[in-house]
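The values are calculated or read from the model by the stated rules, or taken from the named source; none is laboratory data. As the structure is a prediction and not an experimental result, all values here were calculated from the model. Positions of Cβ are generated from backbone atoms using ideal geometry, with glycine treated the same way; all protein chains shown enter the neighbour counts. Protein only, heavy atoms only, side chains kept; ligands, DNA and RNA dropped before computing areas. Shrake-Rupley method; radii C 1.70, N 1.55, O 1.52, S 1.80 Å.
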Amino acid sequence: MRPCRTPLLDSTSPLSVLLLDHLHRNRPSPPPSASPPSAIWSPIAAFAAATKRARAGTLSPEDAHHLFDELLRQSIPVPNRFLNGFLAALARAPASEACGDGPALTVALFNRLCREEAGPCVEPPTYYTYSILMDSCCRVGRPDLGLAFFGRLLKSGLKADQITASSLLMCLCDAGRTNEAVDVLLHRISELGCEPNVIPYNIVLKSLCDSSRSQRALDLLQMMAQRACRSPNVVSYNTVIQGLFKEGQVSMACTFFFYEMMGLCLMW
């Protein structure tokens with residue numbers, strides 16, 4: 001990923017205009033003899049405005065970096081829910097004329113907060129913050145960096161949850177380490193402080209089928225069906241059936257469909 005540059009933003013930029021308008025609306029003008037007041041910057045209002053623009057696809061990298069320029073200058077910690085909301089919106093925003101790579105920009109902005117000069121400008125990251133970053137790394141084709149963020153999460157003392165576990169498995173699968181993902185799913189994920197539901201299983205099932213290992217996926221699916229707390233859903237069955245068809249195992253796919261999917265429909 002290419003680091004985003006941080007050019008200075010003048011007072012006519014869209015973000016500056018938006019923030020100044022929000023903060024100084026209806027503010028009385030100072031008397032002629034008084035000195036101009038210093039600019040008041042509200043990080044919460046700024047993040048709310050930037051989040052809205054990120055969702056609309058109108059936030060440029062320059063404006064985003066300007067937001068963090070201001071953030072790094074203030075000393076009162078910003079609640080991490082505002083940072084998480086902004087990073088999530090930016091990471092999921094489709095490519096636009098204003099910003100062609102939201103996930104890469106998400107990682108670049110967070111890295112600025114990890115430098116020593118950042119100080120206590122934001123509350124410590126949560127497991128949700130790291131999940132956003134790991135997903136962003138997968139979106140830009142760098143699952144190895146996502147795994148590094150997971151290592152940072154563990155060093156921070158945070159416990160993983162279902163979302164973080166899913167992000168970990170996605171990074172392993174995208175990195176071509178599906179065997180490790182299966183091992184983590186079956187034997188080690190409880191050590192991370194959570195028990196997997198159907199979503200982490202579906203991630204691994206898809207990776208197995210994508211790598212032409214549908215028989216292994218079928219074994220894993222049948223193992224799921226034996227555990228009531230991790231019952232497969234329609235997505236699980238459909239993933240394996242499509243994998244079998246792609247590998248030319250039509251007879252097995254049809255048999256599996258009639259015996260397993262029909263039984264699932266009867267339970268509903």
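Values as computed for the structure displayed
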| quantity | calculated |
| --- | --- |
| Matching residues in the stretch 135-149 - criterion: being surrounded by fewer than 18 Cβ atoms within 10 Å (Cβ to Cβ) and of a type in the set (Asp, Glu) | ASP144 |
| Test set (1) open to solvent by less than 50 Å² (accessible area, probe 1.4 Å); (2) assigned to a helix (DSSP H, G or I) - CYS194 fails condition number | (2) |
| Hey, LEU185 under 22 Å from ASP144 (Cα atoms) and modelled with pLDDT under 95 or not | yes |
| Any hit, the stretch 58-81, residues being modelled with pLDDT of 95 or more and in contact with a Lys or Arg (Cβ under 6 Å, 6 or more places away or on another chain) | yes |
| Number of the condition not met by GLY176 [criteria: (1) open to solvent by 50 Å² or more (accessible area, probe 1.4 Å); (2) in a helix (DSSP H, G or I)] | (2) |
| Residue satisfying all of: in the stretch 152-167; part of a loop (DSSP other than H, G, I, E, B) and among the charged types (D, E, K, R); least open to solvent (accessible area, probe 1.4 Å) among these | ASP161 |
| Unmet requirement for ALA95, which otherwise passes all of (1) open to solvent by 20 Å² or more (accessible area, probe 1.4 Å); (2) modelled with pLDDT of 95 or more; (3) within 30 Å of GLY176 (Cβ to Cβ) | (2) |
| Criterion (in contact with a helix residue (DSSP H, G or I) (Cβ under 7 Å, 6 or more places away or on another chain), exposed (fewer than 15 other Cβ atoms within 10 Å of the Cβ), at pLDDT 50 or above and outside any helix (DSSP H, G or I)) met by exactly one of ILE40, ILE44 | ILE40 |
| Filtered residues of the stretch 73-90 (kept if assigned to a helix (DSSP H, G or I) and surrounded by 16 or more Cβ atoms within 10 Å (Cβ to Cβ)) | ASN80, PHE82, LEU83, ASN84, GLY85, PHE86, LEU87, ALA88, ALA89, LEU90 |
| Pairs, first closer than 19 Å to THR106 by Cα in the stretch 67-79, second open to solvent by less than 30 Å² (accessible area, probe 1.4 Å) and small (Gly, Ala, Ser), C-beta under 8 Å, six or more apart | LEU67/ALA46; LEU67/ALA50; GLU70/ALA46; LEU71/ALA46; LEU72/ALA118 |
| Residues of the stretch 209-248 that turn out to be farther than 14 Å from ASN197 by Cα and surrounded by 17 or more Cβ atoms within 10 Å (Cβ to Cβ), as a count | 12 |
| Answer residue from the stretch 112-134, given it is under 22 Å from CYS173 (Cβ atoms) and open to solvent by less than 60 Å² (accessible area, probe 1.4 Å) and is nearest to the chain's Cα centre (by Cα) among those | ILE132 |
